[in-house]
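Worksheet for the structure shown next.
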Amino acid sequence: MGDSEREIAQSTRGVLLSYIMRLAGPVRIIVVLLTVGLTWILAGIMLGGQGGFPRLQQILGGPEVSTTADPRPRRFKCGLPQPCPEKHFAFRMVSGAANVIGPKICFEDKMLMSSVQNNVGRGLNIALVNGVSGELIEAKSFDMWEGDVSELLNFLRPIHEGTLVLLASYDDPATKITEEARKMFAELGSSVSKEVAFRDSWVLLGAKGVLDKTPFEQLIKNSKSSNKYEGWPEAVELEGCVPQRTLEVE
């Protein structure tokens, strides 16, 4: 290579180096910005909230991404999967599980009886509700293992026409129960009150003055061959919509 050629090559390299040096500053800035931006997005995604991504889109003018969608199914009064029709009350009752977990009685999205309410006990747990207004009249538990059944009878006798009776058993619902008490429950619409025995799981929604047997009742018998727990059957759950009683004008 001649001297003139070497001079041309050196001159060309000098021009390229000068051009690269002028670009080096802006390129480094762009690389740093891209690195910070990608780190921000990845950190937001890894933390589960994707908190940085929507803000970045807002800065760049992109469409907003909604993060408020709730995949859980919608629930209605007392946790029902569907709303009750007009002039119906929502309810949900769960008997106790063995002698460990207490029963629950929910009516129109109000927990009338539960362990949290501290108003449930071994035996029969009964809530009286005004069938017209849906308001709670009284709630009480009756020990059917070693309690006095006369307390249960005195509670049931004065019930007025149209009163809804919601019952959930816990532990043992029947050791102290009498034929008179069984008959009272039958008059409230029960079709299994004569069968309820030691440690059965029982729920009932009946009413004073009902003409037919209520459709809102379930019973699981205590059986060694089918019990879910060692000495008790599984808890029984009942939910639905009960028609509102009409106020009769004399």
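Tabulated data
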{"read-out": "Tail fraction, Cα-Cα pairs, region 173-250, threshold 19 Å, whole percent", "value": "44 percent"}
{"read-out": "Estimated FRET transfer efficiency when R0 is 51 angstrom, pair H88-T178 (beta carbons, to 0.05)", "value": "0.90"}
{"read-out": "Rounded accessible area per residue of region 92-146, 1.4 Å, Å²", "value": "46 Å²"}
{"read-out": "Positive-end residue of V120, M184, F216, charge dipole of region 104-216 with Cβ unit charges", "value": "F216"}
{"read-out": "Among the listed pairs K140/K228; K110/K176; K77/K176; K104/K221, those beyond 25 Å (Cα-Cα)", "value": "K140/K228; K110/K176; K77/K176"}
{"read-out": "Accessible area of region 141-250 belonging to carbon and sulfur atoms, whole % at 1.4 Å probe", "value": "49 percent"}
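The values are calculated or read from the model by the stated rules, or taken from the named source; none is laboratory data. Note that this is a predicted model, so its numbers are computed, not measured. A quick note on method: Cβ atoms are made from the backbone with ideal geometry, for glycine too, and the neighbour counts reach across all protein chains shown. Ligands, DNA and RNA are excluded from the accessible area calculation, which covers all protein heavy atoms including side chains. Shrake-Rupley method; radii C 1.70, N 1.55, O 1.52, S 1.80 Å.
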